[in-house]
1. Is the C-alpha gyration tensor of chain A telling us rounded, prolate or oblate? Criteria: a/c under 1.5 is rounded; beyond that, a/b larger than b/c is prolate, otherwise oblate.
2. Connecting C-alpha atoms closer than 10 Å in a GNM of chain B, tell me which of B:ILE202, B:ILE185, B:ILE13 has the biggest fluctuation.
3. Report, in deg cm²/dmol and to the nearest 500, the calculated mean residue ellipticity at 222 nm for the protein assembly as shown, where each DSSP H run with n ≥ 4 adds -39500 (n - 2.57) and the sum is divided by the residue count.
4. In whole Hz and in residue order, list the ³J(HN,Hα) couplings for segment B:262-272 that follow from phi through the Karplus curve 6.51 cos²θ - 1.76 cosθ + 1.60, θ = phi - 60°; x for Gly and Pro.
5. State, to one decimal in nm, how far the label point of A:LEU24 lies from the label point of A:ILE75, with both points 7 Å from Cα in the Cβ direction.
6. With each pseudo-label sitting 7 Å past Cα toward Cβ, what's the A:ASP47-B:ILE40 distance in nm, one decimal?
7. Against the longest principal axis of chain B, how steep is helix B:77-93, in degrees 0 to 90 to the nearest 10, with axes from Cα atoms?
8. Counting alpha carbon pairs within less than 8 Å and at least 6 residues apart, what relative contact order, in whole percent, applies to chain B?
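Every read-out reported here was derived from the displayed coordinates using simple, explicitly stated rules and does not represent laboratory data. This one's a predicted model, so the numbers in the text were calculated from it and none came from an experiment. Virtual Cβ from ideal backbone geometry, glycine too; neighbours counted across all protein chains shown.
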Amino acid sequence: MPQNYVPIFIFIAVVAVMIPLPLLLAKLVRPENPSKAKLMPYECGIDPVDNSRGRYTVRYYIVAILFVVFDVETIFLFPWAVKFKAFGVFGLVEMLVFLAILVVGYIWIWKKGALEWI
Amino acid sequence: MLSIETFVVVSVIKIVIALFVLLTAVAYTVWLERKVVGHIQNRWGPTRVGPFGLLQPLADGIKFIFKEDLTPPHVYKPLYIAAPMIALICALTSIAVIPIGNWVTIGGVHTPLQITDLNIGLLIILGITSLGVYGVALAGWSSNSKYSLLGGLRASAQMVSYEVSLGLSLIGVLIVAGSFSLRDIVDGQGGHFWGFIPKWNIFYGGQFVAFFIYLISAYAETNRVPFDLPEAESELVAGYHTEYSAMKFAMFFMAEYANMITVACVASLLFLGGWHGPVFGPPILQAILPVFWFVLRVFGFLFVYIWVRGTLPRFRYDQLMAFGWKFLLPLAIANLVITALVVAWRA
C-alpha cells in the first residue's frame with residue numbers, strides 16, 4: 001500500500017528538524033574562545049607536517065570493488081529468496097548455477113591475492 | 001480503513017512516541033554500558049548523579065550543550081557539519097519500520113504497534129543503515145586530519161566488507177519466511193514444535209549459523225568491540241570523530257547506540273521470534289506482554305553487546321578483513337545453499 005510509505009517521510013522530516021535544534025540551542029549558551037593550539041589538527045600535540053589528504057593504501061579501493069560485486073549479487077538473491085517456494089526446482093537450479101559462477105570468481109580473487117591485507 | 005487526517009495524526013503521534021522512547025533508550029544504553037563495564041572491571045561505574053547514577057545521561061546531555069564546539073579552520077565545513085547529521089538521521093530512521101507488537105485498538109483506532117507496516121520493511125532497514133556509511137566516510141574526509149582520514153577509511157572498508165555477510169545471512173530467513181515484511185516474518189514464527197520448542201527461525205528454520213553470522217557482522221557494522229578498529233584509541237586517538245567536539249560528537253555517539261538498538265531489534269525479530277511468548281491474564285496484560293517479551297529480547301542483545309565489550313580484546317586489521325572475506329562470506333553462502341536445499345526438500 002503506497003500510503004504506508006508516507007509515515008517514513010514524515011519521520012525523516014521530524015528528525016531532520018529535530019536534530020539541528022540542539023546545535024542551535026548550544027550556539028546560544030556555549031562558550032566561544034578558540035586559540036591557535038585548539039584550532040590545529042589534532043596530532044597528539046605535535047605540529048602537523050604535510051597534507052593530511054595524502055596517499056593511502058590501494059587495498060581500500062580493492063575492498064570497495066569487491067563490495068560492489070558481492071553486494072549486487074546479494075541484491076539479486078533477495079527477491080529470489082522471497083519467492084523461493086513459488087519458483088520450485090527451477091528457481092533452485094537457476095540460483096545454484098548463479099552461485100556456482102560466483103564461487104568460481106570468488107576462488108579466483110582469493111588465488112589472485114585480492115583478499116590479502118598486506 | 002482510516003481517513004487521511006486520522007492516518008496522519010496517528011502516524012505523527014506514533015513517530016513522536018517512538019522517537020522519545022528511542023532517544024531515552026539510547027541514553028540509558030550508554031548508562032547501562034558504563035555501569036556493566038564498570039562492574040566487569042571491578043569498579044562502580046556512574047554513582048554520583050542521582051540514585052545508581054541514573055541521572056547521568058541527563059547530566060551528560062547538559063554538558064554536551066554547554067561545551068565549546070570547535071570548528072577548526074582546516075575542515076571542509078559543509079560536509080563537516082552534515083556528516084554527524086547524516087549518521088544520526090540514518091541511525092534513527094530505521095526504527096520507523098520496526099514492529100514492537102501486535103495490532104492494538106486504542107480509542108476506536110485500530111493500528112499496528114509500528115510506525116508503518118511496509119511489505120519491504122527489511123529492505124528499508126538494510127538500505128537506510130547502509131547510508132550511515134556516508135556519515136562516517138564524509139566525517140573522516142572532511143575533517144582534513146590524518147587520524148580522521150584513517151579512521152574514516154577503516155570504518156568504511158570494514159562496514160562494506162561485513163555488509164555482504166550480513167545481507168547473505170538474512171537470505172536464509174527470507175527463504176524460510178517468504179516475505180520482506182518484518183511483521184510477516186515474526187507471524188511465521190508463532191507456535192511450537194515437538195511439544196515445547198518455540199518455532200523461532202533460529203530453531204525451526206535452522207538459521208542457527210545465520211544468527212551468529214548476523215551477530216558478528218552486526219558488531220562489525222556498528223564498529224563495536226572486538227571490531228572497533230576505526231576508533232582504536234591506542235593508535236588513532238578517536239578515529240573519524242577526532243576533530244569533532246560537543247554536540248556534533250554527541251551525534252556520532254548517539255548514532256552508534258541507536259544502530260546497536262536497531263541491530264538488537266532486527267535480530268530479535270528475524271531470529272528469536274519477535275514478540276512471541278506466553279500471554280495470559282486480563283486483556284490489558286495480554287496487550288502489554290508481547291511488547292514486554294520483545295523489549296526483554298532487545299535488552300538481552302544489548303547486554304551481550306556490552307558483555308562482549310567488557311571481555312574481548314581488539315582484532316588486528318588484517319585479521320578483521322580476512323575473517324570477514326575468507327570465513328564469514330563462504331560460511332554465509334554455504335548456509336544459504338543448505339537452507340535452500342532443505343526448504344526445497346521439505347516442500
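1. On the way: a/c = 6.50, a/b = 1.45, b/c = 4.49.
Note, shape of chain A comes out oblate.
2. For chain B, modelled as a Gaussian network with Cα springs under 10 Å, the answer is B:ILE13.
3. Numbers: 17 runs with 297 residues, N = 465.
So the helix-based figure for the protein assembly as shown works out to -21500 deg cm²/dmol.
4. 4, 4, 4, 4, 5, 4, 5, 5, 7, 10, 10
5. 3.6
6. Label at A:ASP47, label at B:ILE40, 4.3 nm between them.
7. It works out to around 20 degrees.
8. Values: 489 pairs, mean separation 76.1, N = 347.
For chain B, the relative contact order is 22 percent.
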